[in-house]
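To start, the structure itself, in C-alpha cells.
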Amino acid sequence: MAAACCAFACAGFLYSCTHDATPPQDNGPYFPKVKQIIAANCLTCHSPGGQGMPVNLTIDDNIVALAATIKAATIDPASPQNKRMPQGGELSDADKAIIQKWYDKGGKATD
C-alpha cells in the first residue's frame, strides 16, 4: 500500500513538473501582419487597376470592412459562393493562423 501511495505521489509530482500552466502568449496586434500578408499575396489584383477590382485592399478601412470576406476567401472551404484566394495558390498555415486570430479578435485595425 505504501509503495502504491509513493508511486501515485511521484507520478503527480512528475506531471506537475512537466505541465506548463502558463498560457501561450498572444503575438498581437495582428492587423499589421494581416496587411503584410495582403501586400504580399493580394495587391497584384486587389489594388486600383487590378483585375480584382472593385475590391480594393490598399486602404485600411476596406480591409477592416472586408474582414469576414478576407477570412472566408483565405481560410474557409471553397464553394460556388466562396472563391478561394489568392488565385495562385493557398496561403501558408502560418499566414492563415494570423488572419484567423485577427478575425477572432474582431477584425479591426487595432486588433
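The values are calculated or read from the model by the stated rules, or taken from the named source; none is laboratory data. Keep in mind the model is a prediction, meaning the values are calculated, not measured. Every residue, glycine among them, receives a Cβ derived from its backbone with ideal geometry; neighbour counts consider all protein chains shown.
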Answer yes or no: is there a residue in the range 57-73 that is closer than 21 Å to G106 by Cα, more than 15 Å from the chain's Cα centre (by Cα), modelled with pLDDT under 65 and not in a helix (DSSP H, G or I).
no
All conditions in (1) surrounded by fewer than 16 Cβ atoms within 10 Å (Cβ to Cβ); (2) in contact with a strand residue (DSSP E or B) (Cβ under 8 Å, 6 or more places away or on another chain); (3) of a type outside the set (D, E) are true of A73 except (1)
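Of the residues K108, K101, which single one is closer than 13 Å to F31 by Cα, assigned to a loop (DSSP other than H, G, I, E, B) and not aromatic (F, W, Y)? Break it down into steps so the answer makes sense when it comes.
On the way: K101 fails: assigned to a loop (DSSP other than H, G, I, E, B).
The unique qualifying residue is K108.
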